[in-house]
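Have a look at the structure below, then the notes.
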Amino acid sequence: MQTEERGGEDARGGTHQRAGDVRLRWYPRSWRARYGDELTALLDQEYGARLPPKMRLGLVTGGLQQRARQSGLAGDSVPAADRIRAGALVVLAAWTAFVIAGASFAKFSEQFDEALPHGSGAHRVPDLAFTVLQTTAGVAALLVVAGALLALPAFVRFLRTGGWASVRGHFVRALISTALVGAGLLALSAWAHHLTAQQRNSGLHWYGVLFLFWAVLVVVTVTLWTVAAVATARRVELPGAILGAEAALAAALTLAMVVMVGATAVWWAAMAKDAPGFLNTSPGGAPGSPWDLWLVVTVVLMLLALGAAAVGVAREVRVWATIRSD
Amino acid sequence: MSLAGGAKHGHALLKDIEGFAGVRLGPGALYGAITRLEERGLIEPLESDDRRRPYQITSAGSQALADSVVQMRELVQVGQARLKSIRTATLRLA
């Protein structure tokens, strides 16, 4: 914004290279290198220093569309292999969000069995749903590992041909964040050793705050690793057969997410029926209501992740269909 | 369609499109279209001394435009024929 205001000094037809850089920041670098100068000239000529909000929004959406096109998520300007890869990587990113939601659910549902009435058969449905959820999560994790192993030879080739320099920054950031998570875990564990169970479970304010901060750091770390994985996967040359296998694994992962969302819904309904009190125990719970805020946010995150994964799979399927029809 | 009337840079394109279509495109939308058309080889940039790069339609672009015009003409003909039949039916009822 600052450079844009400065650019207003020669509002009509002057040199707005720096201002243009600011206004076009949503566009990919390579696109700016090709079209940035002329679009900046057009903006200068049409609007001078005062770009209307509608046009500003148009540049944001235009920039994001170009990024989607270049990554292969939209349009057909990149090769089919890149479009399929983009779909699979969306699924991987969605899986990260799903894992975060899953961790939140795991924390929420701790010791749910104890809240259910004994000897009435009330355990059967929630236990089964929870087992399905856990088993599917394990299978999904194996699918992700299988995807990583399949890409490993191509990744090694990528490193041998000097690719490390292009992704080093991503990995360094992820490693630093991981080290901070490790240090935070050690500190929390040491502190928790001197606390009672009641103090650990929201009894001690500062412990809760530090735990929350650490949890956010875990989320950031998982996200940074995913960003590193996506940045690397976009640069690695995958043979056609491997790419096909990765696409199939992404579709299977999405299916696993569907099962897990279903199992979570069944568990929630069963707990609401037989142990409604358990759903009010979190800080976001309201007495007498099964709509615990923590659980609602967790499931919404699961659904958003599932939706994103479905978009990725749909992209893969559409590209495969185009290839087959050609 | 605008470039079928001669090579133009971004500003001239916006004015021309507004003139014949009554639509005021935003710069983001215009350059989205320019990017797609250039990628498909339907338009091409010309050399320019200043930052305002003009574009011209290619022969592939002319062919694509001709095909689109034929399609649009067929649509117009169908629309006109159906409107005519509505008018005839209305007159008969009256």
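Tabulated data
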quantity	calculated
The listed residue being part of a helix (DSSP H, G or I), within 29 Å of A:Leu301 (Cβ to Cβ) and either at pLDDT below 90 or touching a strand residue (DSSP E or B) at 6+ places or on another chain (Cβ under 9 Å) (or both), out of A:Val209, A:Val167	A:Val209
Residues of segment A:20-37 that turn out to be more than 10 Å from every other protein chain (Cβ to nearest Cβ) and not hydrophobic (A, V, I, L, M, F, W, C), as a count	6
Some residue of segment A:30-49 being in contact with a strand residue (DSSP E or B) (Cβ under 9 Å, 6 or more places away or on another chain), outside the structural domain of A:Ala308 (by TED's automatic domain parsing), buried (at least 16 other Cβ atoms within 10 Å of the Cβ) and part of a helix (DSSP H, G or I)	yes
Test for A:Ala146: is it in the same structural domain as A:Ala241 (by TED's automatic domain parsing) and surrounded by 19 or more Cβ atoms within 10 Å (Cβ to Cβ)	no
Selected residue (only one of A:Val167, A:Val218, A:Val181 is in contact (Cβ under 8 Å) with a residue 60 or more places away in the chain, surrounded by 15 or more Cβ atoms within 10 Å (Cβ to Cβ), more than 30 Å from A:Ala80 (Cβ to Cβ) and of a type in the set (A, V, I, L, M, F, W, C))	A:Val218
Index of the failed condition, A:Ala97 passing every other in (1) over 22 Å from A:Val216 (Cα atoms); (2) away from chain B (no Cβ under 14 Å); (3) of a type outside the set (S, T, N, Q); (4) part of a helix (DSSP H, G or I)	(1)
Members of segment A:38-86 found to be within 11 Å of another protein chain (Cβ to nearest Cβ), farther than 30 Å from A:Leu249 by Cα and among the basic types (Lys, Arg), listed by number	A:Lys54, A:Arg56
Selected residue (only one of B:Ile43, B:Ile34, B:Ile57 is under 14 Å from the mean Cα position of the chain (by Cα) and at the interface with chain A (Cβ under 8 Å from one of its Cβ atoms))	B:Ile34
Residue list for segment B:1-16, filter: more than 13 Å from every other protein chain (Cβ to nearest Cβ), surrounded by fewer than 19 Cβ atoms within 10 Å (Cβ to Cβ), assigned to a helix (DSSP H, G or I) and among the aliphatic types (A, V, I, L, M)	B:Ala4
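Residue-wise test of (1) crowded, with 19+ Cβ neighbours inside 10 Å; (2) of a type in the set (A, V, I, L, M).
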{"position": "A:Leu73", "(1), (2)": "yes, yes"}
{"position": "A:Arg85", "(1), (2)": "yes, no"}
{"position": "A:Leu92", "(1), (2)": "yes, yes"}
{"position": "A:Ala106", "(1), (2)": "no, yes"}
{"position": "A:Gln111", "(1), (2)": "no, no"}
{"position": "A:Arg124", "(1), (2)": "no, no"}
{"position": "A:Ala151", "(1), (2)": "yes, yes"}
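The values are calculated or read from the model by the stated rules, or taken from the named source; none is laboratory data. Predicted, not measured: the structure shown is a model, and the values here were computed from it. Glycine gets a Cβ as well: all are built from the backbone with ideal geometry, and neighbour counts include every protein chain shown.
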